[in-house]
1. Can you tell me the accessible area per residue over the stretch 80-139, all protein chains present, probe 1.4 angstrom, in square angstrom?
2. Around Val105, what is the net charge, scoring Lys/Arg as +1 and Asp/Glu as -1 over all other residues with Cβ under 12 Å from its Cβ?
3. Excluding Lys94 itself, what net charge comes from residues whose Cβ is under 10 Å from its Cβ, given Lys and Arg +1 and Asp and Glu -1?
4. Under the Karplus relation 6.51 cos²θ - 1.76 cosθ + 1.60, θ = phi - 60°, what is the ordered set of whole-Hz ³J(HN,Hα) values for the stretch 34-47, x standing for Gly and Pro?
5. Rank Gln125, Gly136, Ile12 by how far each Cα sits towards the positive end of the charge dipole of the stretch 1-146 (+1 on Lys, Arg Cβ; -1 on Asp, Glu Cβ) and give me just the farthest.
6. Got a number for carbon plus sulfur as a percent of the chain's accessible area, 1.4 Å probe?
7. Hey, what's the per residue convex hull volume over the C-alpha atoms of the stretch 95-147, in cubic angstrom?
8. How much mean residue ellipticity at 222 nm does the chain get from its helices, if each DSSP H run of length 4 or more adds -39500 (n - 2.57) and you divide by all residues, to the nearest 500 deg cm²/dmol?
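The values are calculated or read from the model by the stated rules, or taken from the named source; none is laboratory data. A quick note: this is a predicted structure, and the numbers were derived from the prediction, not measured. Note that we place each Cβ from the backbone using ideal geometry, even for glycine, and neighbour counts take in every protein chain shown. Note: areas computed on protein heavy atoms with side chains; ligands, DNA, RNA excluded. Shrake-Rupley method; radii C 1.70, N 1.55, O 1.52, S 1.80 Å.
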Amino acid sequence: VSEKRKGLNTSIASLASTQAILENRLKESEAKLETLLPKLPPLLRKKIEARMPAPNTNPTTTSQQASKLVRRLQKLIGMWTEIHQFQNEVTVVKQVIPLVDTSEVEAEVLYLGLAQAFFVTPDNQRSGIGKTEASGWVWTEIPKLGPEVRNTLNALNLPDPRNPVTLPTTLNKEE
């Protein structure tokens with residue numbers, strides 16, 4: 001019995017060590033996600049914020065702690081997966097755009113992954129680009145861009161788009 005107890009205590013210590021490592025890595029990943037939130041497109045940011053873990057409550061038993069860590073890990077993996085999927089897709093949404101001149105317009109927005117977006121109002125009178133910066137998304141009006149954005153949106157709605165479309169893009173240096 002003494003030998004078994006010694007073996008079990010060794011196993012418990014090993015599991016506690018692994019659990020502490022997992023806890024630290026989860027905290028690091030959650031902190032990275034927290035700093036990334038302002039850079040996410042508003043639609044995606046709202047989804048991720050809704051899934052962020054609640055403030056820590058201290059479970060009393062080891063099994064409750066382990067169960068909580070597993071749930072946190074599952075949520076975190078789900079959030080990073082959602083961000084990765086958005087990065088690899090072209091997304092079209094209708095949203096209100098706050099422009100640099102402090103006005104706001106309701107527009108159709110075409111996101112190219114996480115780094116750049118284009119917008120055009122339903123009447124095609126206002127259009128421009130959106131780029132992510134450290135403080136969040138910055139939307140700049142470029143009036144002549146409207147027809148190109150509208151053509152791109154129309155091409156995306158075709159079942160078999162055959163005509164290529166072009167949009168001006170810029171690459172940002174990663175921070």
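1. Dividing the accessible area of the stretch 80-139 by its residue count gives 50 Å².
2. Net of charged neighbours comes to -4.
3. Net local charge, Lys94 excluded: -2.
4. 4, 6, 7, 3, x, 7, 6, x, x, 4, 5, 4, 4, 4
5. Positive-most Cα among the choices belongs to Ile12.
6. The nonpolar share, carbon plus sulfur, comes to 56 percent.
7. 72
8. -16500 deg cm²/dmol
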